[in-house]
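Below: the structure, in structure tokens.
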Amino acid sequence: MAQPLMPHATASWLVDNTALSFEQIAEFCGLHILEIQAIADDTAATKLTGRDPIRAHELTQDEIDKGQADPDYRLQILKGPEQVRRTKGPRYTPVSKRSDKPDGIAWIIRNHPEISDGAISNLIGTTRTTIAAIRDRSHWNIANITPKDPVTLGLTTQRELDAAVSKAAKAAGLEAPVDTRLEGDREALITELRAQRLQLARDAEAAENGELPGAPAEPTAETLFKR
């Protein structure tokens, strides 16, 4: 069920201006009945300024009259509060990271010139004017701009960057670059996992035979001779 935009303030107004039961007000505002009791007794932490749900177009006087006439009646809200929707445009970047934007832009321009200014704007959250100034080196702080990976700077994610690179390469009729920097690490990881799986199998077999996993095998004549 939808609830009023400011439930505590609405509850305060309903307590002061209607004969609705605490249960009705609590249910309508989505609050606990003890909170309504506290508002009524003025024991809440702060005195709330009431918010008229009739003027807010969340209740009608007829609806309140129905509730006052029948304690079991459940108040029906006219409409829920408007939800805030994010509009299209540059993404929000924390103030602490905004000074890193030129470095991230310069890195993309140097390493992925196929990415359009519009795509960079959406990726980093900046303006095309700033991107153009960095491209033609007319930016006011160009002497101090050092290309840095925007993923490392925390301006975007690796997935978003890869998607932008792939899309730009496809639009330009180029083959998207394949990152092979981790190939060696991947092979080493696979080898390590295989070794671990083999060791687990050996330990399980040893456990079935009543041996302690990893315990040295019984000495043989050959091993004793080598000692």
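Some points to look at:
- Count - residues of region 128-150 that are without any contact (Cβ under 8 Å) to a residue 12 or more places away in the chain and open to solvent by 40 Å² or more (accessible area, probe 1.4 Å): 8
- Options GLN37, GLN68; residue that is farther than 18 Å from PRO7 by Cβ, assigned to a helix (DSSP H, G or I) and at pLDDT 70 or above: GLN68
- Taking (1) open to solvent by less than 90 Å² (accessible area, probe 1.4 Å); (2) more than 33 Å from the chain's Cα centre (by Cα); (3) at pLDDT 90 or above in turn, PRO102 satisfies each apart from (2).
- Complete set of residues in region 22-39 that are over 31 Å from the mean Cα position of the chain (by Cα) and open to solvent by less than 30 Å² (accessible area, probe 1.4 Å): GLN24, ILE25, ALA26, ILE36, ALA38, ILE39
- Where ALA44 falls short, out of the listed (1) assigned to a loop (DSSP other than H, G, I, E, B); (2) modelled with pLDDT of 85 or more: (2)
Conditions tested, residue by residue: (1) modelled with pLDDT under 85; (2) assigned to a helix (DSSP H, G or I).
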position: GLU27; (1), (2): no, yes
position: ASP52; (1), (2): no, no
position: TYR73; (1), (2): no, no
position: GLN83; (1), (2): yes, no
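- Of the helices (runs of 4 or more DSSP H) that lie entirely inside region 123-227, those containing 3 or more residues that are within 30 Å of the chain's Cα centre (by Cα) and either closer than 23 Å to PRO102 by Cβ or at pLDDT 85 or above (or both) span 128-135, 150-153, 158-171.
The values are calculated or read from the model by the stated rules, or taken from the named source; none is laboratory data. The structure displayed is predicted, hence computed values, not measured ones. Cβ: placed from backbone, ideal geometry, glycine included. Neighbour counts: every protein chain shown. Heads up: the accessible areas ignore ligands, DNA and RNA and are worked out on the full protein's heavy atoms, side chains in. Shrake-Rupley method; radii C 1.70, N 1.55, O 1.52, S 1.80 Å.
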